[in-house]
Amino acid sequence: NLHMVVFSPKTLAFLRALKHHNEREWFKARKNEYEEHVRNPLLLLLEQLAKDFQRFAPDLVASPRVSLFRIYRDIRFSADKSPLKTQIGAYFPNQILMKKGAGLYLEIGPDGVWSGGGLYRSTTSQLQFIRDHIACNHRKFKNIVESTQFKKTVGSLHGKKNSRIPRGFHNDHPAAPYLKFRQFLAGCAHPAEFAHTPQFYKSTITSFQAVTPLVRFLNESLLTHESDSLQETPRSLE
């Protein structure tokens, strides 16, 4: 159902008001509104995505228990003490690696909509596995991130990177520009209002389909070393 509309202007109105009144008491008093206009539509969306993933990303998980981010922020190590997140997000990880691998990601908030994915945070050894995998399979990797569908849908690969080629790789390696990356991200941004248009779901699926080969490539190297990479814990996506 590619023209499914689950969110409404009330979804954004609630998130905007929350940004304005970021307090537990305010939120508690309006929990019903949150359930009706924010959480329930998001659950509906996950249900539909779980069906559509069977077609192009059967290795990824779309389930409320795994995919939904908590609305309450973890403020223990943060200078910003506001208790609640003002955007809603869902993460769709590999069913074996879970949050320790690459996945798809969707965010909706007052500042806009983003859909895409990749790998946001990795351990040192995971990054080494991925770079080795890119170095050994550079044609395959380039075919993914330089394909017409990828470029047309999500533009180019982005994320934090080193200024120079990591040790152990030659400067003139065919994949040199990609070996500098520490994060591997790609996606589509839209204005917040896009969330309640009939194009929203189709656009989300299109960007997910474009980024899935990248996610799968990154996870291939981590699944090969699965027992090692699951020992070392990256700080999970919060």
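The values are calculated or read from the model by the stated rules, or taken from the named source; none is laboratory data. This one's a predicted model, so the numbers in the text were calculated from it and none came from an experiment. With ideal geometry, Cβ positions are generated from the backbone for all residues, glycine too; neighbour counts draw on all protein chains shown. Accessible surface is based on the protein model in full, side chains and every heavy atom, while ligands, DNA and RNA are left aside. Shrake-Rupley method; radii C 1.70, N 1.55, O 1.52, S 1.80 Å.
Among the lysines, which have Cα under 18 Å from the Cα of Lys140 when same-chain residues fewer than 8 positions away are ignored? Of all the lysines, those that pass the test against Lys140 - Cα under 18 Å, at least 8 places apart if same chain - are Lys151, Lys180. With Cα atoms as the point set, the radius of gyration and Dmax of the chain evaluate to 18.7, 60 Å. Over the chain, with a Gaussian network built from C-alpha contacts below 10 Å, which listed residue (His173, His196, His138) shows the highest mean-square fluctuation? Answer for the Gaussian network model of the chain: His173. Of all the options Tyr72, Tyr120, Tyr91, the one that moves most in a Gaussian network model of the chain with Cα springs shorter than 10 angstrom is Tyr72.
When the solvent-accessible area of the chain is split by element, carbon and sulfur atoms take up 50 percent of it, the probe being 1.4 Å. Pairs over the 21 Å Cα-Cα cut-off, from the set Lys10/Lys31; Lys51/Lys202; Lys100/Lys152; Lys152/Lys202: Lys100/Lys152. Net charge dipole, region 52-206: roughly 480 debye, given to the nearest 20, about the Cα centre with Cβ charges of +1 for Lys and Arg and -1 for Asp and Glu.
Within the same chain, aspartates and glutamates fewer than 8 places from Lys28 are excluded, and of the rest, those with a Cα less than 19 Å from its Cα are Glu36, Asp74. In percent, rounded to a whole number, the relative contact order of the chain is 25, using alpha-carbon pairs under 8 Å and six or more apart. The orientation-averaged projected area of the convex hull spanned by the Cα atoms of region 103-238 comes to 8.8 nm². Full extension of the chain between Asn40 and Asn137 gives 30.7 nm of extra length, using 0.36 nm per residue less the Cα-Cα distance. Between the amide H of Gln183 and those of Lys160, distances stay under 5 Å, these residues lying 5 or more places away or on another chain, with hydrogens modeled in the peptide plane.
With the dipole of the chain worked out from charges on the C-beta (+1 for Lys and Arg, -1 for Asp and Glu) around the Cα centre, which of Val5, Gly159, Phe217 lies farthest toward the positive end? Farthest towards the positive pole: Gly159.
In this structure the chain gives 52 Å² per residue of accessible area when probed at 1.4 Å with all protein chains present. Sorted from longest to shortest, the spans of the Cα atoms of region 1-46 along the three principal axes equal 37, 15, 12 Å. Region 36-87: percent of C-alpha pairs farther apart than 18 Å? Pairs farther apart than 18 Å: 46 percent.
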